[in-house]
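Input: a single structure, listed below in structure tokens.
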Amino acid sequence: MTRIKRGYIARRRRTKIRLFGSSFRGSHSRLTRTITQQKIRALVSAHRDRDKQKRNFRCLWITRINAVIREGGVLYSYSKLIHNLYKRRLLLNRKILAQIALSNRNCLYMISNEIRKEVDWKEYTGII
């Protein structure tokens, strides 16, 4: 039986894989099998780290808000601020609050003081 040469389809598939693995080092960028294994590994890592990045940014925002709030008022903390925001039904997420904390601290102090006054007044009068 005569040998059949593979056509352009297999070559096209391999070059597509090689383009993906061109940034890898050593045989991971030269050999087709190892390129495919590294491609799978890279895509798994990228998928996992997208979720990790969201977690890390949320932690960063919380840390920034907490630092600015504690700096402004000694008896106030991040958890109380968020709790009072939910009580007042204000729709400010952590990303926006962190941006306000970095760019305009006085604005965040005003928001927290107004929320605290309102909530303390309601608790004092027993309206809640």
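Based on the Cβ-Cβ distance from Met110 to Glu71, what FRET efficiency comes out when R0 is 22 Å, to the nearest 0.05? Display every interim value, and only then the final one.
Values: r = 15 Å, r/R0 = 0.66.
For Met110 and Glu71, the calculated efficiency is 0.90.
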Can you give the accessible area of Cys59 in Å² (nearest 10), computed on protein heavy atoms with a 1.4 Å probe?
-> 80 Å²
Can you give the angle from 0 to 90° between the axis of helix 78-88 and the longest principal axis of the chain, with both taken from C-alpha atoms, to the nearest 10?
-> 70 degrees
Got a number for the accessible area of Thr2? Probe 1.4 Å, square angstrom, nearest 10.
-> 120 Å²
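Which value in deg cm²/dmol, rounded to the nearest 500, describes the helix-derived mean residue ellipticity at 222 nm for the chain, given -39,500 (n - 2.57) per DSSP H run of n ≥ 4 and division by the residue count? Walk me through the numbers before you get to the answer.
Numbers: 5 runs with 96 residues, N = 128.
When only DSSP H runs of four or more count, the value is -25500 deg cm²/dmol.
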Taking a 1.4 Å probe, which of Glu71, Glu118 shows the most accessible area, and what order do the others take after it?
-> Glu71, Glu118
Structure-derived Kirkwood radius over Cα pairs in Å - corresponding label in (i) 16.3; (ii) 20.7; (iii) 19.3 | (iii)
With a 1.4 Å probe and all protein chains in place, put Ser22, Ser27, Ser112 in order of accessible area, largest first.
-> Ser22, Ser27, Ser112
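The values are calculated or read from the model by the stated rules, or taken from the named source; none is laboratory data. Fair warning: this is a prediction, and the values are worked out from it, not measured in the lab. Because the Cβ atoms are built from the backbone with ideal geometry, glycine has one as well, and the counts that use them run over all protein chains shown. Surface areas here come from the heavy atoms of the whole protein model, side chains and all, with no ligands, DNA or RNA. Shrake-Rupley method; radii C 1.70, N 1.55, O 1.52, S 1.80 Å.
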